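Asks: Dropping a structure here in structure tokens format, bear with me for questions.
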Amino acid sequence: MSRTICSVGDLAQLPDDELLACLAQLRVAIHDAKREHAAARREARISEEKKLEFRSFEWRPRGPQRLSSPARLSPQTPVEELPVRARARDALSGLHIFCVEDLSAISEQELMTTEAIGAKTVNRLREALTRIGLDFLPNPMGQATTFEGSRTVSITPPRQKL
């Protein structure tokens, strides 16, 4: 279901849980319109005096993001479109991972050593890779990753005296 936003009154009618998402998309639409307007001026498609007209905005609520639609996911899908926390996305960028395909060049164990990436994030990233037929690199030295063990200290039994 889409909604046409023509005034502040239209924004005021939105439920509180939809308002922030709408404003974020509105901001992107305004920036795109400004960019197109500036390009039209540079290319002399419109006169220099013509002001930007932005009369309405068609907003489509997205709902929760899920990886349930394989058509939406491709190897070139940016990590920004994956349902992971912003800190995890920043950490991925720091590891030079910008699209889903880049994930296949790193192991799960290497991801888990990054502070902002935990077991849930790795599971979501693995799901994304699986959907496009890829996988993480094998863990170094063939060690299997156990997510519970990666965040806890393993306890070894005390040595017996001989």
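Asks: Aspartates and glutamates near Lys120 by alpha-carbon distance under 13 Å, same-chain residues fewer than 8 away left out - which ones?
Replies: Cross-link targets: Glu108, Glu148.
Asks: Counting Lys +1, Arg +1, Asp -1, Glu -1, what net charge surrounds Cys6 among other residues with beta carbon under 15 Å of its beta carbon?
Replies: Within the 15 Å Cβ shell, the charges total -1.
Asks: For the range 3-59, with the dipole built from +1 on Lys and Arg beta-carbon atoms and -1 on Asp and Glu ones, taken about the Cα centre, which of Leu14, Leu52, Ala40 lies farthest toward the positive end?
Replies: With unit charges placed on the Cβ atoms, the residue in question is Ala40.
Asks: Still on this structure, please answer the following. So, counting K/R as plus one and D/E as minus one, what does the shell of residues with Cβ under 15 Å around His96 add up to?
Replies: Result for the local shell: -4.
Asks: Under the definition of Cα pairs under 8 Å and six or more residues apart, what whole-number percent is the relative contact order of the range 3-59?
Replies: Answer for the range 3-59 is 60 percent.
Asks: Moving on. For Ile132 and His31, FRET efficiency with R0 = 35 Å and r from the beta-carbon atoms, rounded to 0.05?
Replies: The formula returns an efficiency of 0.70 here.
Asks: Another one. For the range 91-143, what does the relative contact order come out to in percent, with C-alpha contacts under 8 Å and a separation of six or more?
Replies: Details: 46 pairs, mean separation 23.3, N = 53.
In percent, rounded to a whole number, it is 44.
Asks: If amide hydrogens are placed 1.01 Å from N in the peptide plane, which non-local residues have theirs closer than 5 Å to the one on Ile5?
Replies: Phe57, Glu58, Trp59
Asks: Which far-off residues, 5 or more places away or on another chain, put their amide H under 5 Å from the one on Ser107, with H placed in the peptide plane?
Replies: Those lying under 5 Å, H to H, from Ser107 are Leu137.
Asks: At a Cα cut-off below 17 Å, give the aspartates and glutamates reachable from Lys34, other chains included and same-chain residues fewer than 8 away excluded.
Replies: Candidates past the 8-residue exclusion: Glu43, Glu48, Glu49, Glu53, Glu58.
Asks: What are the aspartates and glutamates whose alpha-carbon lies under 19 Å from the alpha-carbon of Lys50, with same-chain residues fewer than 8 places away excluded?
Replies: Asp32, Glu36
Quick note: the coordinates plus some simple rules give every number you see, no bench work behind them. Computed from a predicted model, the values in this text were never measured in an experiment. As a convention, Cβ positions derive from the backbone with ideal geometry for all residues, glycine included, and neighbour counts pool all protein chains shown.
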